[in-house]
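J.: Would you mind keeping the following structure in view while I ask a few things?
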Amino acid sequence: MKTHWTIAYKESAQMLRSQRGLLWVLAFSGLLSAFSLLLVSNTELSLLDNAQVVYMMSGTVLASGALLAAILGSDAYAGEKERGTLVPLLCAPVSVNALLTGKALGMLTAWGVMFAVATPYLWAVGASGQNLGAALFYLALFGTPVVLGFGYLAMAVSARTGSVLASLLSTVTLLMLAASPLLIGPGLRGTAIGRALDAVNPFAGALNTLDSVIIDSEPFSAQFARLLLVVVWLGLCLLAARRSAAHPNFQ
Amino acid sequence: MISIENLHLTIEGKEILKGIDLHLQPGDIYGLLGPNGAGKSTTIFALLGLRAHGSGRISVLGRDPGEHAAAIRSSVGVMPENAGFYEWMTALAYLRWYGRLYGETQSQRDLLPLLEKVGLGTQGHRPIGTYSRGMKQRLSVARALMPHPSLLILDEPTNGLDPKGRREIHDLLLEFAAERNAGVLLCTHLLDDVDRLCNRIGIIDRGRTRLEGRLGDLLAEQETDKRYRLHLEAEPDTANLPAGISLLAHEGDWWRVQIQFEIPGGPSTLWGELWRRGWRILEIRSEASSLEELYLTITAPGHSHVQEAAI
């Protein structure tokens, strides 16, 4: 077995078997349940249309995935260092790439579980609409690089600082900044600053695509620029992670 | 197996290693000694390619760790100090998982003999989180031995072990070095471990090798007098002492004496001579081992920093 699969097996097993993983799934299910209930009530009162509800649910799933990636990425090096398990890993013949890839595959497993948990909720709130399939497809296509990007970014900070707290604080702050388009509203997003932020913000890129395909039913060809943005984001975060992981803070 | 010449290493602008020399041949058990912060662990990490060295030359198993770190790590078993485990795994599952990182495909059943060797044969199916510190220490040794290494690097391997456990680990290391003609690099503060196991030592202090060579040669070169405490049945005749011994003090039944380094026949001849002169010796205690004296001398503040290599 290739070493990255060996690392990924441990990461996934640790997440799926641990109380921490179970608690996360329960909390995520609780969040989606409450949100679904609220949105379905609004739909029945005709305050929100069906597509708007699916879009909001998809955005929530994406934000939760990015948050989980930030947590797992922060733990990837610094958490292992604090538990004393990083040095044995580094002393084994495991390359920088294999370690990063194994950790990233572990995050993908967690994202996959979240996606699987979210699917019935999306179906529950969006089954009567026409864009549920598109929502699931674009959530996977754009959500995966965004989530992985935040995971790699957290790993970069985690390997560099050797501190879970420092890594978590900086990555979650950046995530909140990236998610600010959700908070600042369409008026401010229409300004020059809002448009500039949207143009470089991978999180906004993914949300705008979800908006475009779910609410406006635009085709795939209209999403290329945003797809490029999230792929570039993923590439930059991967480079940062490789650079930090080549000389991790382990002592 | 290991050859380090004048290694210098800087971390975040601070020079941590300022001239390390270390030479380990197959079959050697090498004791790397030094106070806390002397640079022992950093030297180990440089050997494994985890720290890029500034200047000097390192060769491990004939390779440069800067260029062939993965190849070196695949042939070296390492027991880092205070290293942890995934506590939710059982010991057998952990060893099996860790072995895969080295390309080993042993089953849990194949790994049982290894756990038996370190005294954990009946504990392999328990989660590591339920282990005591000593058991984790034994498991650390098993982890280092698991990839069948040709070189073993152990950082404080007997910390937290009871005397029986220490003896078992000693025997295991002696067997390992003898059977496989492998090398063992042992970092420890426990001079007893070095006395019992090592044929070569290196003493490093403040990032420099102060002394390196064969333990027997270094002790022979030391030429310092030895101090003992003798428990006597009755007050002895101190007026007529044999040559080579001098009396320092006495507290109750215990008498402190100093013996010159080069006594013909060694201290045992002297004890016999004292007995013939009426010294009824019940017990003899060495105040400090020769190695301890050597170590304290070399690492004492103000000691000459000139390396006294006796390779």
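J.: Within segment A:35-53, which residues are farther than 19 Å from A:ALA135 by Cα, part of a helix (DSSP H, G or I) and either modelled with pLDDT of 90 or more or among the polar types (S, T, N, Q) (or both)?
T.: The answer is A:SER41, A:ASN42.
J.: Pairs only if they're at least six apart or on different chains, beta carbon under 7 angstrom, first in segment A:89-106 and within 13 Å of A:PHE250 (Cβ to Cβ) and away from every other protein chain (no Cβ under 13 Å), second part of a loop (DSSP other than H, G, I, E, B) and of a type outside the set (Phe, Trp, Tyr); list them, first residue then second.
T.: Here the result reads none, with nothing in segment A:89-106 linked to a residue that is part of a loop (DSSP other than H, G, I, E, B) and of a type outside the set (Phe, Trp, Tyr).
J.: For the condition assigned to a helix (DSSP H, G or I), buried (at least 17 other Cβ atoms within 10 Å of the Cβ) and free of Cβ contacts under 8 Å to residues at least 60 places away in the same chain, what is the one hit in A:THR144, A:THR173, A:THR209?
T.: So the residue among A:THR144, A:THR173, A:THR209 that is assigned to a helix (DSSP H, G or I), buried (at least 17 other Cβ atoms within 10 Å of the Cβ) and free of Cβ contacts under 8 Å to residues at least 60 places away in the same chain is A:THR144.
J.: Only one of (1) under 28 Å from B:GLY39 (Cβ atoms); (2) modelled with pLDDT under 85 is not met by B:ARG180, so which one is it?
T.: Looking at each condition in turn, B:ARG180 falls short on (1).
J.: If you don't mind, another one. When the residues of segment A:51-88 are narrowed to those that are of a type in the set (Val, Ile, Thr), surrounded by fewer than 24 Cβ atoms within 10 Å (Cβ to Cβ) and under 17 Å from A:PHE28 (Cα atoms), which ends up farthest from the other protein chains (Cβ to nearest Cβ)?
T.: A:THR60
J.: Quick one: is A:ARG195 touching a residue at least 40 places away in the same chain (Cβ under 8 Å) and over 16 Å from the mean Cα position of the chain (by Cα)?
T.: So A:ARG195 fails the test.
J.: While we're on this one: Only residues that are within 14 Å of A:LEU72 (Cα to Cα) and out of contact with any helix residue (DSSP H, G or I) (no Cβ under 6 Å at 6 or more places or on another chain): list them for segment A:11-21, please.
T.: Matches in segment A:11-21: A:ALA13, A:GLN14, A:LEU16, A:SER18, A:ARG20.
J.: Taking segment A:17-40, which residues are within 11 Å of chain B (Cβ to nearest Cβ) and over 17 Å from A:GLU80 (Cα atoms)?
T.: A:ARG17, A:GLN19
J.: Looking at (1) assigned to a helix (DSSP H, G or I); (2) surrounded by 14 or more Cβ atoms within 10 Å (Cβ to Cβ), which one does B:LEU161 not meet, given that it meets all the others?
T.: Only one criterion is unmet by B:LEU161, namely (1).
J.: A further question follows. Among the residues of segment A:159-170, are any free of Cβ contacts under 8 Å to residues at least 60 places away in the same chain, farther than 22 Å from A:GLY106 by Cα and surrounded by fewer than 17 Cβ atoms within 10 Å (Cβ to Cβ)?
T.: no
The values are calculated or read from the model by the stated rules, or taken from the named source; none is laboratory data. The structure displayed is predicted, hence computed values, not measured ones. In this analysis, Cβ positions are derived from the backbone assuming ideal geometry, glycine residues included, and neighbour counts consider all displayed protein chains.
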